[in-house]
């Protein structure tokens, strides 16, 4: 495996503009011009940020300015050459940089937690069905803690722009599958995945599973505020739940966002909806043509300082007391933009834990 890949993720409102154009359009044009290996734009369903404006999938403001997340992955050289342009064009938003290892056939060592990100197009079929069904079945069979399939609305694949349109087959619009398991489970599953998909683009990142099916396994690692060179460390909590699973009468993700917003401990949160997946021992499930309630997976993402993450974890633990998969990751660089205000930096911190 190579340590030369980086993942650049930008979180912002879909109505954000870069001059006369929408920011998302400008950003994805940039990725296409630089032939970024893979990028995907996902629409969120709830969020709040430093201005403390909350948006929810039960409010009309969502249709006016839903949150979006655009993730791009490529070599450190390619992503490094994009960062300044992305920062310059973003008037308001959150930008993170994370290290990712490209899977090239070499299997992960040890038994730490591993996050796999698998990039496929909508037209990729296995046994006549969309590839993500077979991939989730494989990961579930190998007892991964969870996997979620996200349907992109725009992005790049193999350096070429792919976007969803009303009057097209949308065959190559990117799909991202994010799976969490142990290194041992990854060692068993990756050769099968490679045989199943024929040279898939897969990246690996270190992750710690904090909760599974509501059971507390470990608290997030206690990270320092800065590395040995004084560069800021950030930490990310990802909470995987189902849209149909409730806490105090409302979907868990709504309860999480509302309580985090009311607590005023974290700077923001973003919720993404998947189309298929599983967590814990539940079988893979998701959208169907006829059903009484949405059974899709939902992901709530919180990124902040290690101190703030430690403070808000008890709140998250309480809301996910019976359901949910919660993971923790180190984020080596974060930049918050709001007009002339900038917090953080894009210099990558280096800390081994």
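The values are calculated or read from the model by the stated rules, or taken from the named source; none is laboratory data. All figures in this text were calculated on a predicted structure; none of them were measured in a lab. A quick note on method: Cβ atoms are made from the backbone with ideal geometry, for glycine too, and the neighbour counts reach across all protein chains shown.
Go through the residues of region 332-353 one by one and say whether even a single one is in contact (Cβ under 8 Å) with a residue 60 or more places away in the chain and under 21 Å from residue 241 (Cβ atoms). No: region 332-353 contains no residue that is in contact (Cβ under 8 Å) with a residue 60 or more places away in the chain and under 21 Å from residue 241 (Cβ atoms).
On inspection, residue 118 fails the criterion of being more than 28 Å from residue 26 (Cα to Cα) and touching a residue at least 40 places away in the same chain (Cβ under 8 Å).
So for region 158-174 (the condition being within 25 Å of residue 313 (Cα to Cα) and in contact with a strand residue (DSSP E or B) (Cβ under 7 Å, 6 or more places away or on another chain)), does at least one residue qualify? Lay out the reasoning, then the answer.
Initially, region 158-174 is screened for residues within 25 Å of residue 313 (Cα to Cα), giving none.
So far as region 158-174 goes, no, none of its residues is within 25 Å of residue 313 (Cα to Cα) and in contact with a strand residue (DSSP E or B) (Cβ under 7 Å, 6 or more places away or on another chain).
Condition check ((1) surrounded by fewer than 16 Cβ atoms within 10 Å (Cβ to Cβ); (2) touching a strand residue (DSSP E or B) at 6+ places or on another chain (Cβ under 7 Å); (3) within 29 Å of residue 12 (Cβ to Cβ); (4) at pLDDT below 95) across all residues:
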position	(1), (2), (3), (4)
281	yes, no, no, yes
290	yes, no, no, yes
299	no, yes, yes, no
304	no, yes, yes, no
307	yes, no, yes, no
321	yes, no, no, yes
326	no, yes, yes, no
332	no, yes, yes, no
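One residue stands out in region 186-195 among those that are touching a helix residue (DSSP H, G or I) at 6+ places or on another chain (Cβ under 8 Å) and crowded, with 16+ Cβ neighbours inside 10 Å: the one that is farthest from residue 119 (Cα to Cα), namely 189. Quick check: is even one residue across region 84-97 in contact (Cβ under 8 Å) with a residue 12 or more places away in the chain, in a loop (DSSP other than H, G, I, E, B) and in contact with a helix residue (DSSP H, G or I) (Cβ under 7 Å, 6 or more places away or on another chain)? Yes, region 84-97 has at least one match.
When residue 109 is tested against the conditions (1) outside any helix (DSSP H, G or I); (2) farther than 16 Å from residue 268 by Cβ; (3) free of Cβ contacts under 8 Å to residues at least 40 places away in the same chain, the lone failure is (3).
Only residues that are under 16 Å from residue 345 (Cβ atoms) and surrounded by 15 or more Cβ atoms within 10 Å (Cβ to Cβ) were counted across region 86-98, and they come to 9. Of everything in region 122-135 that is closer than 26 Å to residue 5 by Cβ and more than 17 Å from the chain's Cα centre (by Cα), the residue that is surrounded by the most Cβ atoms within 10 Å (Cβ to Cβ) is 135.
Residue count for region 199-257 under the criterion of being within 21 Å of the chain's Cα centre (by Cα), assigned to a loop (DSSP other than H, G, I, E, B) and modelled with pLDDT under 95: the result is 6.
Considered as a group, the residues in region 161-190 that are at pLDDT below 80 and outside any loop (DSSP other than H, G, I, E, B) include one that is nearest to residue 108 (Cα to Cα), and that residue is 162. The test for being in a helix (DSSP H, G or I), touching a helix residue (DSSP H, G or I) at 6+ places or on another chain (Cβ under 7 Å) and either in contact (Cβ under 8 Å) with a residue 60 or more places away in the chain or surrounded by fewer than 20 Cβ atoms within 10 Å (Cβ to Cβ) (or both) does not hold for residue 72. Return yes or no: is residue 256 more than 25 Å from residue 137 (Cβ to Cβ), in contact with a strand residue (DSSP E or B) (Cβ under 7 Å, 6 or more places away or on another chain) and surrounded by 14 or more Cβ atoms within 10 Å (Cβ to Cβ)? Taking the combined requirement at face value, the residue satisfies it. For the criterion of being surrounded by fewer than 23 Cβ atoms within 10 Å (Cβ to Cβ), modelled with pLDDT of 90 or more and either in contact with a strand residue (DSSP E or B) (Cβ under 8 Å, 6 or more places away or on another chain) or under 22 Å from residue 336 (Cβ atoms) (or both), residue 48 passes. Among the numbered criteria (1) over 23 Å from residue 173 (Cβ atoms); (2) surrounded by fewer than 22 Cβ atoms within 10 Å (Cβ to Cβ); (3) modelled with pLDDT of 95 or more, which one does residue 105 miss? That leaves (3) as the condition not met. Every test in (1) more than 21 Å from the chain's Cα centre (by Cα); (2) in a strand (DSSP E or B) is passed by residue 265 save one, and that test is (2).
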